[in-house]
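Quick notes on the structure that follows.
The values are calculated or read from the model by the stated rules, or taken from the named source; none is laboratory data. Computed from a predicted model, the values in this text were never measured in an experiment. Glycine also receives a Cβ, built like all others from the backbone with ideal geometry; neighbour counts cover every protein chain displayed. When the accessible area is computed, the model is the full protein with side chains, heavy atoms only, and any ligands, DNA or RNA have been set aside. Shrake-Rupley method; radii C 1.70, N 1.55, O 1.52, S 1.80 Å.
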Amino acid sequence: MTVERIIEATELTKTFPGGIIALDRFSLTVRRGEVVVVIGPSGSGKSTFLGCLNGLEEIDSGSIVIDGIPLDHHRRNRLLIRQEVGMVFQAFNLFPHMTVRENIDLAQVRVRKKTSAEAAGPTMELLKKVGITEKADRYPNELSGGQQQRVAIARALAMSPKVMLFDEATSALDPEMIGEVLEVMRALAAEGMTMVVVTHEMGFAREAGDRVVFMEAGRIVEEGDTERFFGSPREERTKAFLSQIR
């Protein structure tokens, strides 16, 4: 049985001012329900790729199709993709003047057109999923970094996305808080959520990733299923990189 491709990125190029090449004819497909972990040195194009997937970054050439919808210049297509793709950043980006509950309600009310009453139940279910129901009426500055990131994950999930993108979601956290966020991400992976995860957390990659992609200079150096990738990397550059971070 062939598993449906939900993300198709083909021959993407992206250059920043000063001639910096972020993506160099980069192609990647992701199957529905797959967890793809993207690793590589700083400046390799990992975050740029995620930004391109949900339209935060404009590509110079190439094509992106998500769940059959082309990410092109048509506003309707872009809005549809934004609704179907959740993204969690390194920064939590919560509204400081809103409570946890209000932060999560907002997307449901504004984008999914629910009433506040209709959003209330799903919001509490999401807070239960990420393990912080008791913080519903607190403000972001009253939470730890790990708790804020879990709220950010719940907020992204409130849109009922088909794909979740994680861009270094734990890199701004103190070491003792990383585990609680990774645990939520592992649970999402176990539930079958399609995920593309940029991270330096190799333990997460080994445990939750179906496939690992190693990038450098805007290209894929090597990719493969997780066990093979870590057990017997084929490229010398991959071996050198892994030797530094294991």
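Taken over segment 41-66, residues that are in contact with a helix residue (DSSP H, G or I) (Cβ under 6 Å, 6 or more places away or on another chain) and at pLDDT 95 or above amount to 2. Only residues that are in a loop (DSSP other than H, G, I, E, B) and at pLDDT below 95 were counted across segment 96-113, and they come to 3.
I'm trying to understand the selection: among the residues of segment 58-73, which are on the phi < 0 side of the Ramachandran plot and either part of a strand (DSSP E or B) or open to solvent by 60 Å² or more (accessible area, probe 1.4 Å) (or both)?
Scanning segment 58-73 gives GLU58, ASP60, SER61, SER63, ILE64, VAL65, ILE66, ILE69, PRO70, HIS73.
The listed residues are ALA154, ALA119, and the only one of them that is open to solvent by less than 30 Å² (accessible area, probe 1.4 Å), assigned to a helix (DSSP H, G or I) and at pLDDT below 95 turns out to be ALA119. Annotation: LEU127 fulfils all but one of (1) assigned to a helix (DSSP H, G or I); (2) touching a Pro at 6+ places or on another chain (Cβ under 9 Å); (3) within 24 Å of GLU191 (Cβ to Cβ); the unmet one is (2). Filtering LEU56, LEU23 for residues that are more than 17 Å from the chain's Cα centre (by Cα) and over 27 Å from ALA190 (Cβ atoms) leaves a single hit, LEU23.
Tell me yes or no: at least one residue of segment 74-91 is in a strand (DSSP E or B), polar (S, T, N, Q) and closer than 25 Å to THR199 by Cα.
Step one: filter segment 74-91 for residues in a strand (DSSP E or B), giving 85-88.
Cutting the leftovers down to polar (S, T, N, Q) gives us none.
No, every residue in segment 74-91 fails to be in a strand (DSSP E or B), polar (S, T, N, Q) and closer than 25 Å to THR199 by Cα.
Among the residues making up segment 27-50, those that are among the hydroxyl-bearing types (Ser, Thr, Tyr) and part of a loop (DSSP other than H, G, I, E, B) are SER42, SER44. Residues of segment 168-178 that are surrounded by fewer than 16 Cβ atoms within 10 Å (Cβ to Cβ) and without any contact (Cβ under 8 Å) to a residue 60 or more places away in the chain: ASP174, PRO175, GLU176. When residues in segment 193-246 are screened for being open to solvent by less than 40 Å² (accessible area, probe 1.4 Å) and outside any helix (DSSP H, G or I), 17 of them pass. Among the residues of segment 130-141, at least one is in contact (Cβ under 8 Å) with a residue 40 or more places away in the chain and open to solvent by less than 40 Å² (accessible area, probe 1.4 Å). Taking (1) open to solvent by less than 10 Å² (accessible area, probe 1.4 Å); (2) at pLDDT below 95 in turn, VAL37 satisfies each apart from (2). Among the residues of this structure, ILE39 does not count as one that is hydrophobic (A, V, I, L, M, F, W, C), in contact (Cβ under 8 Å) with a residue 12 or more places away in the chain and closer than 17 Å to GLU84 by Cα.
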